[in-house]
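Colleague: Handing you a structure now.
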Amino acid sequence: MAEDDIVKDILTSAINLAVQVIEASNETIFFKKECDEVKNKVQKLLELLEKALIASSSLCEFPTRHVISIAEAMRRKSLSLFYKGIPRVTNRFITIIHVSTYQKMLVGLERSINDVSWLLNVSVPSNDGEQEELFGLPPFAMNDPTLSMIYELMAILYRGTLDEDSCEAARSLRSMASDNPRCAEIMIRNGLCSVFAKILRQGSMRAQAEVACTTSVLVASFPESQDLFAQHDVIQLLLSHLVTPEVEDSLQMKAMAAKALRELAKGNSSICKSITDSKRFLRFANLLETQDKQVRYNSLMVLTEITAVAEQDSDLRRSSAFKCKSPVFKAIVHQIHKLTGENGDTVLLIPCITLIGNLARAFRASDTSMIEQLVKLLGHQDPKVSREAIVALTKFARPSNYLHNDHSRAIVEAGAARRLIELSSLGCEIRIPALELLICIAAHVPEKEEVVKVLECASNQPLTNSQMC
């Protein structure tokens, strides 16, 4: 059922209940004055609900559901009270109702009137398209002001009347979520996923970019939201933004869409499969060629997260995207090979190396070019690059890799042994991974005397204080 239809059903049910309460009030004979006061409040509430029904397309489901549920509870209490004041033939006892009960009912109904008035105010734009200034908090939010603020920002986004207002609302939600994970959870639990999906379908490019960026922050703050976003089709909506023509705004949109997809894919097999099964997955290879560094980096990080999951998930690893003969695999590997060959920008280089390591099980024995590239990087001037290259090569040489013997020989033949002995003389952050890799290849290529000699040399080296872990 569409959200507009859900809101209409909620309001129609609420209106029917209000009419029922008014009809019951006309039949009461006890405490007539108090009943009339309650009836007047319900009548005023009914008028507001009818206005809300007319404007239902502008109302978000969850704020509406929250406010109306409180109002319904009060009307049900009113109905129960009025029924007790209706004379019936079967009644054998007189029901005694204290006047204070009516007073509490009046207070509760007044709060509901204020709640619904607030809902209309934040959801329905004025004639000039701008939001009216709000004063104070609605009664329902007195104990939790954050909820009211979140609902107001969600309503601005949902209406989408002014582009700048939508962008500012998305930025405000992002700031709240990054400062406090509880705020992120409140947003998600109260329907922000559906609001974001609407913006990603219909909003301006600027608003969509802001929403995509906020999505990444929300998911990072509240990882449980990954599947909720997926249920609202946000994954496919973000992927669709990766194929738009490249102009300034769309580059920002692509960068933010990739940033959001990175967080959504992190550690989530089903979402990773949804991305890799998409025809748009090939687009990531093209994005790695884009001149915009932010787009390249964020796209690279999406691939790194997906391959990290595939490394642990055999079902995902067996999908067509990770078959060495598939066009997607070839295109991505080709671009990664180019990026590692340039090896000037460590910001891009390190995740490239990580990605190669994650894909180590997918390479055939004859695919030695990546291994040769990694061995060259062992001599990189940045120790972080050298260490990441060691970790990636180790994934080729581990026994868990079916082709570990072939890969180990390729590592040795690429000249890794001597480079590793040089690295094993450095601090423990590099020394230990280097020795682990040497042990792996020594176990799998015992006929290579060079490796054995290198290991003997490494074992005879004394540890300095800076090298001890």
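Readers should treat all values here as calculations from the given coordinates under stated rules, not as data from a laboratory. Computed from a predicted structure; not experimentally measured. Positions of Cβ are backbone-derived with ideal geometry, glycine not excepted, and every protein chain shown enters the neighbour counts.
Colleague: Please report Ser178, Ser166, Ser100 as a ranked list, fewest other C-beta atoms within 10 angstrom at the top and most at the bottom.
Modeller: With the sparsest Cβ surroundings first, the list reads Ser100, Ser178, Ser166.
Colleague: Output the relative contact order of the chain, whole-number percent, from Cα pairs under 8 angstrom with separation of 6+ residues.
Modeller: So the answer I get is 8 percent.
Colleague: Cross-link list Lys325/Lys384; Lys8/Lys279; Lys293/Lys338; Lys266/Lys323; Lys273/Lys376; Lys254/Lys325: which exceed 25 angstrom alpha carbon to alpha carbon? Before the final figure, lay out each step's value.
Modeller: On the way: Lys325/Lys384 31 Å; Lys8/Lys279 37 Å; Lys293/Lys338 15 Å; Lys266/Lys323 21 Å; Lys273/Lys376 33 Å; Lys254/Lys325 28 Å.
Those over the limit are Lys325/Lys384; Lys8/Lys279; Lys273/Lys376; Lys254/Lys325.
Colleague: If you wrap the chain's Cα atoms in a convex hull and average its projection over all directions, what's the area in nm²?
Modeller: Value for the chain: 30.9 nm².
Colleague: What FRET efficiency comes out for the pair Ser270/Lys330, r = Cβ-Cβ distance, R0 = 30 Å, nearest 0.05?
Modeller: 0.75
Colleague: For Ser100 and Glu47, FRET efficiency with R0 = 25 Å and r from the beta-carbon atoms, rounded to 0.05?
Modeller: With a Förster radius of 25 Å, E is 0.40.
Colleague: Setting aside same-chain residues fewer than 8 positions from Lys395, which aspartates and glutamates have a Cα under 16 Å from its Cα?
Modeller: Glu311, Asp313, Asp367, Glu372, Asp406, Glu436
Colleague: Continuing with the same structure: Compute the helix-to-body angle for 192-202: its Cα long axis versus the longest principal axis of the chain, expressed 0 to 90° and rounded to tens.
Modeller: Result, in degrees: 80.
Colleague: On to the next question. I'd like the orientation of helix 3-27 relative to the chain: the angle between its Cα long axis and the longest Cα principal axis, in ° from 0 to 90, rounded to 10.
Modeller: So the helix axis and the longest Cα principal axis differ by about 20 degrees.
Colleague: Now a separate question. Distance in nm between label sites at Ser80 and Ser13, each 7 Å beyond Cα in the beta-carbon direction?
Modeller: Each label point lies 7 Å from its Cα, and together they span 1.8 nm.
Colleague: Given axes a ≥ b ≥ c from the Cα gyration tensor, I'd like to know whether segment 361-439 is rounded (a/c under 1.5), prolate (a/b larger than b/c) or oblate.
Modeller: The shape class here is prolate.
Colleague: Give the lysines whose C-alpha is closer than 19 Å to that of Lys77, dropping any in the same chain fewer than 8 places away, or say none.
Modeller: Filter leaves Lys32, Lys33, Lys39, Lys41, Lys44, Lys104.
Colleague: Counting other beta carbons within 10 Å of each Cβ, put Lys279, Lys39, Lys376 in order, fewest first.
Modeller: Lys279, Lys376, Lys39
Colleague: Between segment 327-357 and segment 170-200, how far is it from one alpha carbon centroid to the other, in angstrom?
Modeller: About 33 Å separates the Cα centre of segment 327-357 from the one of segment 170-200.
Colleague: Quick check: residue separation of Asp144 and Val247 times 0.36 nm, minus the Cα distance between them. What number comes out in nm?
Modeller: On the way: separation 103, 0.36 × 103 = 37.08 nm, distance 4.26 nm.
Answer, rounded to one decimal: 32.8 nm.
Colleague: Can you compute the helix-only [θ] at 222 nm over the chain? Use -39500 (n - 2.57) per DSSP H run of at least 4 residues, normalise by all residues, nearest 500 deg cm²/dmol.
Modeller: Working: 24 runs with 334 residues, N = 469.
Helix contribution divided over all residues of the chain: -23000 deg cm²/dmol.
Colleague: Below 14 angstrom from the Cβ of Arg182, what's the summed charge of the other residues (Lys, Arg +1; Asp, Glu -1)?
Modeller: Here the charged neighbours net out to -3.
Colleague: Taking R0 as 45 Å, what's the FRET efficiency between Ser69 and Lys293 from their Cβ-Cβ distance, rounded to 0.05?
Modeller: 0.40
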